[in-house]
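These notes are about the structure you will find just below.
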């Protein structure tokens, strides 16, 4: 489901019906909760599936059987051994999904009425202000490159086999 549809559903439930969060604006931190949920829920589902599949594969490996035979509990096997192997595909996918997250923010910000860089980009495109459009695209590309570089550096933290190379 696209983030703007999730945003409309969240607004309908938590803002209009329950009145827990503001409908629009940027008054305080509570105005960030619904937009963050709208953008994060689709990505969280995908990352959760990839992490679960990675854990299932890792728990079938010989190192997990060896750890269990040494007397470790299932929780300890998952936390100390299997999670490191399962995190690698999830970290890769998280870095890749940032591009979709950046693309979805423009519409989501419009749904929630947040003044932000997406609104600036939208106004620049409709007004044919090319220097501003290029600046926003360059900033988005720089953020994407930085996040993917951080994901690549996180491999060394997550997987001890990569530290020696």
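What's the number of the condition residue 135 fails, among (1) part of a helix (DSSP H, G or I); (2) touching a residue at least 12 places away in the same chain (Cβ under 8 Å)?
Of the numbered conditions (1) part of a helix (DSSP H, G or I); (2) touching a residue at least 12 places away in the same chain (Cβ under 8 Å), the odd one out for residue 135 is (2).
Can you pull out the helices (runs of 4 or more DSSP H) entirely within the stretch 1-84 that have at least 2 residues that are closer than 30 Å to residue 159 by Cβ? Write out each step before concluding.
On the way: elements: 3-10, 30-59, 62-69, 74-77.
So the answer is 30-59, 62-69, 74-77.
In the stretch 141-165, what count of residues is obtained for those that are exposed (fewer than 14 other Cβ atoms within 10 Å of the Cβ) and in a helix (DSSP H, G or I)?
Taking the stretch 141-165 and keeping what is exposed (fewer than 14 other Cβ atoms within 10 Å of the Cβ), we get 141-142, 145-146, 149-150, 152-153, 156-157, 160-165.
If we keep only those that are in a helix (DSSP H, G or I) too, we end up with 141-142, 145-146, 149-150, 152-153, 156-157, 160-162.
Going through the stretch 141-165 one residue at a time, the tally reaches 13.
Could you tell me how many of the residues in the stretch 62-100 are surrounded by fewer than 17 Cβ atoms within 10 Å (Cβ to Cβ), over 30 Å from residue 3 (Cβ atoms) and in contact (Cβ under 8 Å) with a residue 24 or more places away in the chain?
Number satisfying all stated conditions: 1.
Restricting attention to the stretch 16-32, which residues are surrounded by 11 or more Cβ atoms within 10 Å (Cβ to Cβ) and closer than 19 Å to residue 105 by Cβ?
Hits for the stretch 16-32 are 21, 22, 23, 24, 25, 26, 31, 32.
Given the criterion touching a helix residue (DSSP H, G or I) at 6+ places or on another chain (Cβ under 7 Å), modelled with pLDDT of 90 or more, within 18 Å of residue 39 (Cβ to Cβ) and in a helix (DSSP H, G or I), identify the matching residue among 102, 93. Before the answer, list the steps.
Numbers: 102 fails: modelled with pLDDT of 90 or more.
The match here is 93.
The values are calculated or read from the model by the stated rules, or taken from the named source; none is laboratory data. Keep in mind that this is a model prediction, so the values were computed, not measured. Glycine also receives a Cβ, built like all others from the backbone with ideal geometry; neighbour counts cover every protein chain displayed.
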